[in-house]
1. For segment 70-106, state which trypsin sites (Lys or Arg not before Pro) are in a DSSP loop and have at most 15 other beta carbons lying within 10 Å of their beta carbon.
2. Lys pairs in segment 31-99, Cα-Cα under 17 Å, at least 8 apart or on separate chains: how many?
3. Summing Lys, Arg as +1 and Asp, Glu as -1, what charge do residues with Cβ under 14 Å from the Cβ of Ala286 carry, Ala286 excluded?
4. GluC sites (Glu not before Pro), restricted to segment 34-91: which are DSSP loop and have at most 12 other Cβ atoms within 10 Å?
5. With a 1.4 Å probe and every protein chain left in place, work out the accessible area per residue of segment 151-205 in Å², rounded to a whole number.
6. Quick check on my link table: of Lys212/Lys265; Lys397/Lys477; Lys156/Lys212, which ones sit more than 18 Å apart, alpha carbon to alpha carbon?
7. What FRET efficiency comes out for the pair Thr402/Ser497, r = Cβ-Cβ distance, R0 = 22 Å, nearest 0.05?
8. Between Asp59 and Glu468, what is the label-to-label distance in nm when each label sits 7 Å out along the Cα-to-Cβ direction?
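The values are calculated or read from the model by the stated rules, or taken from the named source; none is laboratory data. If you're wondering where the values come from, they're calculated on a predicted model, not measured in any experiment. Neighbour counts run over all protein chains shown; Cβ positions are idealised from the backbone, glycine included. Just so you know, the surface numbers come from the protein's heavy atoms only, side chains and all, with ligands and any DNA or RNA stripped out. Shrake-Rupley method; radii C 1.70, N 1.55, O 1.52, S 1.80 Å.
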Amino acid sequence: MKFLLFRFKGFATSERLCRRLIETNNATSSVMSSQLRLNKDKKLLKSLNSDDAQAILGDQFKSEHVRLIMVKSEDDSNEYEQSGRALCIRCQGVLSAKDGGHISRHVAACLQRRAISEPLPDEETSKTEDTEEPPSKQRKLTEFSRKRFTKDQTDKITYSMAKHALMTGKSFNYVASHAMKSLLIDVANATGNGVYGKEALDQIPCRQTIQKKVLSMSDKLLQKAFDMMRPFAGKRVNFLCDHGKLIMNYLSLFAPFLDDSFQLKLLPIGFLPCPDGKSGSDTAAAIFERLLDFGWTEQQVKVCSITADGALPTLADHFNTCKTQNRVTLHHVLPAYKLLESKWRRYEAKVFTELKERDSYDLNLVHALATSGLVGLRYYYAEFDDIHYGAVLLNPKTKKMTMFDELERERAVSFVTDLLPLQTTAVTPRKSTIPDFISEMSDSCEELPKHDDLKRFMEEYVDSQSEETIEEYWTRKRFDFPCLHEVAGRILSVIPSESVCETTFSTASFLLDKRRSRLQYSAVEKVVVGCQIAARFPEWID
C-alpha cells in the first residue's frame, strides 16, 4: 500500500513539472515570435522610407487611416503581394492585416491622442464631431491648479518688478499689466516644479504696490548718494544746475566731487519742481532746501561752487563762485583759450607758416575768421575768474604758466595761497635805529604768509611728456603735499559746464510721457532721480 502511494505522488510531481516546462517553452516561443515580428516590422518601415521600392502602400484596410503594406514578390515578375501587415498613416504604426476589432480600436486611440496636439501638416484643420474632445478636456491645466507662491517668493517677485521699473523707466501700469504677469507665470512654470495657475497669478503685485516699492527704493538710493558725499560736504562738493520745462518747470541738480582716490564722481541729487519761477533767488532757495533736508548746514552750502548757464547770473550772490563730465577738465579751459589766441593772432598778422598745404586754404578767409574770433575770445576770456587760474597752477604740467603774463601768475598763486591753511614763520626781533613812529607806519614782518607745500610743489620737476593724468598725480602726491592736495581736490572738482544736466531732461522726457500725467511732482522726482542713480550705480540696488 505504501509503495503504491509513493508511486502515485511521484507521477503527480512529474506531471506538474512537464506542464511547467511546456508553459515556459510556449512563453519563450511567444517572446521570440514577437521579437521576430518586431524586427520584420522595422524592416518593412525601412523599406517604405527607402528608394529601393521593395515595399509600397496598397489599398485602404478597414479604415481611411490604415493601408495595406505590399512587398515585391521574390520571382522576376516585379509584382507586389500582400505582406500580411498594414500601416496606420497617422502614427506610422504597423498592424496585423487580419480580421478583428484591433484596427478600429487603434484608430480611435490614435485620433484621441491627436486631438490634443497639433494636426499633421497634411491634415485638415477642422475636426469631425466624433473625433473632437469635449470642451471640459480642452481647458488648460493652469485653470485647475491651486498652487500658490510663498510669501518669500512673492516678496522677491515684487522686488524684481520694482527693480525692472526703476532700471528701465517703464510705467507702473506696464510692469503690473496682465501681459507682464502672464509672462512671470510662464517663466515660473518653465523653470520651477509644478504648475502655477490663476491663484498664483492673483498673488503678483498690483500697480500701487510696485509704485510704492519703487518710490521707497528711490528714497534709499538718494540717501546713499548723500551719504557718499557727506565726508566732502563744504570741501570738495560743488553743484551743477539747469532749468527745463517738462509739463512744468523743473530744476536738474548734480553734485560733482573728487573722492579719496581723486576720482571724479557725478551724482544726480535733485529734479526739483519750480512752479514759482526760475530766477536766481528761487533757484538758490530750492537748492538750499534740498541740501538742508539732508543734514547740510547753510555754511556748507554757501562755500560750494555752482555751475549754471548765463540765465542765472545772480546765483553768485548765494554761493562762493558761480561758473557758467566724468573727468577733471577745469585745468584745460584757460590753456585752450590761450592756445587759440596765439594761433589766431598769427593768422591775424597773416603768418600762415604753420598751416600745411596752404594752397588748399583760402588765406583771406582764414584771416577774416581769426580776426572775428579774437573779438569774441576777448569777451569770453574776461568771464574767467580766480578758480580757473588756480586750476592751471595746480596742474603739474602747466604750473609754470609760461603762456600767461606775470599778473595772471600772481593771481593764481594768490588764490591758491588763500585757500591753504596759514603757516607762519616767527622772526626774532633785532635792534634797529629806525624810530618807533616810522616802524609803526611800516609793514610788520612778524608773520609771513608762506606755505611749504606750495613752495615744494613749484620746485618739483615734472616731465611734461608724461602720460600721467592729473588725477593720478594728486593721488600719488597725497602724502607729499597734504594741504595742497586738499586744495586741489576742492578746485579741480568744479565742472566747467552744466551740460550734463541736459541728460536729466532727456531721461525725464522718456519716462514721463502723456500716459503718466497723473504722477505727483514728488513721485516724478523720485522716478527720474532714482532711475539716473540706478543707471550710474546699479550695485546699489542689489
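1. Values: sites: Lys72, Arg85, Arg90, Lys98, Arg105; in loops: Arg90, Lys98.
Passing both the DSSP loop test and the Cβ count: Lys98.
2. Lysine pair count for segment 31-99: 6.
3. Values: positive: Lys278, Arg290; negative: Asp242, Asp276, Asp282, Glu289, Asp293, Glu525.
So the environment of Ala286 carries a net charge of -4.
4. On the way: sites: Glu64, Glu74, Glu79, Glu81; in loops: Glu64, Glu74, Glu79.
When the GluC sites (Glu not before Pro) of segment 34-91 are filtered for loop state and at most 12 Cβ neighbours within 10 Å, Glu64, Glu74, Glu79 remain.
5. Values: 2950 Å² over 55 residues.
About 54 Å² of surface per residue is accessible.
6. Working: Lys212/Lys265 29 Å; Lys397/Lys477 14 Å; Lys156/Lys212 15 Å.
Beyond 18 Å between Cα atoms: Lys212/Lys265.
7. Working: r = 26 Å, r/R0 = 1.19.
E(calc), rounded to 0.05, equals 0.25.
8. According to this spin-label approximation, the distance is 10.2 nm.
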